[in-house]
Amino acid sequence: MSVTIKDVAKQANVAPSTVSRVLTDSPRISEKTKRKVRKVMEEMGYHLNFSGRMLVQQSTQTIGIVMKGSSSHSFDNPFFSDVLRGISASCHKHDYSINITTGDSEDAIYRDVIKMVQGKRVDGVIVLYSKEDDQVVPYLRERNFPFVMIGKPTADANDIIYVDNDNVQASKEVAEFLINLGHEKIGYIGGDTHFEVTTARLAGFQQAVVAYGIDIPNRFYKNIQLSSGDAKKVVGELLGVDEPPTALIVTDDFNALTVMLALQEQGIRIPEEMSVISFNNTIISRLANPPLTTVDTQPYQLGYESADCLVGQLRSDEIFKKSVIVPTVIVERASCMTRK
């Protein structure tokens, strides 16, 4: 015979309603009581009947994850894997499952989201990006469907819950780091300019060089997408100019690795002839040769906080919208050195 909530309540010497509130992680129950009840549940082998709970509460206990691009390309970049680990940890804590979009194009991902929402497959959605001309966020807002973004919204930021870094400030600090090492010829390699994170980091870099009175020629500004071919082309262009840069800022570890490989193919020694600094502090930065100096954007924490914010939204009727800024720090490794 299966163990019931009443059995757990009797053994823990609490009311059945207290056990129910522990199951929903209610803030009305003290942490001490929660620990006691959960211990009894584990000892008695109690398992929540999710099917019954879903029918009663009209809840799927599932959160939808909207990828930046096709899942195959996204999972190539360990940043997203780290974000998903954080989301997964928070969802596990709150007894939620996850449902990830699997489309191989923006339109396919958008159709996946419509299926999630209209098919009532998820209770809320985490959008892993902030992008101009996006279809997903306007759709979710139109449907008044609970969601959280990772990245500052490109519009109506005060009306949307989001989790992000201060990317402008982080990029300013990166530029200042290189300038203090004696670099004045600094190349800047961004990503897709449709994404808010790309424009924010570019703005921070430009603010820093203006503050230090450094003139960066337009030919030192480049963008690459996901292919190593783009990196080779960009590196060739930067090395081919008169007085090429002595340092490069690349706004993602994944792209930075492709840039470093392209530099090494050209016989450029890192950091002796070219310093390289990046963002995200993923496993790539630790395994690169040489190990990559990078900004720790705490992708795991970005994911964890986004899921916590969404679950809080789902479990509360409060209108107040709480957004979270996750701090960053430069992690110094071996890819940068003082300009002699």
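The values are calculated or read from the model by the stated rules, or taken from the named source; none is laboratory data. Note that this is a predicted model, so its numbers are computed, not measured. All Cβ positions, glycine included, derive from the backbone under ideal geometry; neighbour counts span all protein chains shown. Keep in mind that these areas ignore ligands, DNA and RNA; they rest on the heavy atoms of the full protein, side chains included. Shrake-Rupley method; radii C 1.70, N 1.55, O 1.52, S 1.80 Å.
Descriptive notes on the structure:
- Tensor-based shape of the stretch 208-340 (alpha-carbon gyration tensor, a/c under 1.5 rounded, otherwise prolate or oblate): prolate
- As a rough guide to protection, the peptides 206-214, 301-309 ranked by mean Cβ packing within 10 Å, highest first, stand as 301-309, 206-214.
- Solvent exposure of the stretch 181-340, expressed per residue, is 47 Å² of accessible area, with all protein chains present and a 1.4 angstrom probe.
- Rounded tilt (10° steps) of 31-44 against the dominant C-alpha axis of the chain: 70 degrees
- The relative contact order of the chain, computed from alpha carbon pairs under 8 Å that lie at least 6 residues apart in sequence, is 18 percent.
- Cross-link table Lys233/Lys340; Lys185/Lys233; Lys131/Lys322; Lys120/Lys152, entries beyond 22 Å C-alpha to C-alpha: Lys233/Lys340; Lys120/Lys152
- Karplus-based coupling profile of the stretch 118-126, in residue order and whole Hz: 6, x, 6, 8, 9, 8, x, 9, 10, with θ = phi - 60° in 6.51 cos²θ - 1.76 cosθ + 1.60 and x standing for Gly or Pro.
- Amide hydrogen proximity for Asn223: with H placed 1.01 Å from N in the peptide plane, the residues at 5 or more positions away or on another chain lying under 5 Å are Gly190.
- Dividing the helix sum by the residues of the chain, where each DSSP H run of 4 or more adds -39500 (n - 2.57), gives a mean residue ellipticity at 222 nm of -13500 deg cm²/dmol.
- For the stretch 104-110, putting each phi into the Karplus relation 6.51 cos²θ - 1.76 cosθ + 1.60 with θ = phi - 60° gives couplings of 9, 7, 4, 5, 5, 5, 4 Hz, in residue order, rounded to whole numbers and with x for Gly and Pro.
- Mean separation of Cα contacts under 8 Å, 6 or more apart, over the residue count of the stretch 129-229: relative contact order %: 29 percent
- Accessible area per residue in Å² at 1.4 Å probe, computed on the stretch 91-178: 47 Å²
- Partners for Lys34 among lysines (Cα-Cα distance below 18 Å; same-chain residues under 8 apart left out): Lys6, Lys10, Lys93
- Given [x] 1.27; [y] 1.17; [z] 1.10, the label whose value is Cα Rg over 2.2 N^0.38 Å derived from this model: [y]
- Within the accessible area of the chain, the carbon and sulfur atoms contribute 48%, probe 1.4 Å, all protein chains present.
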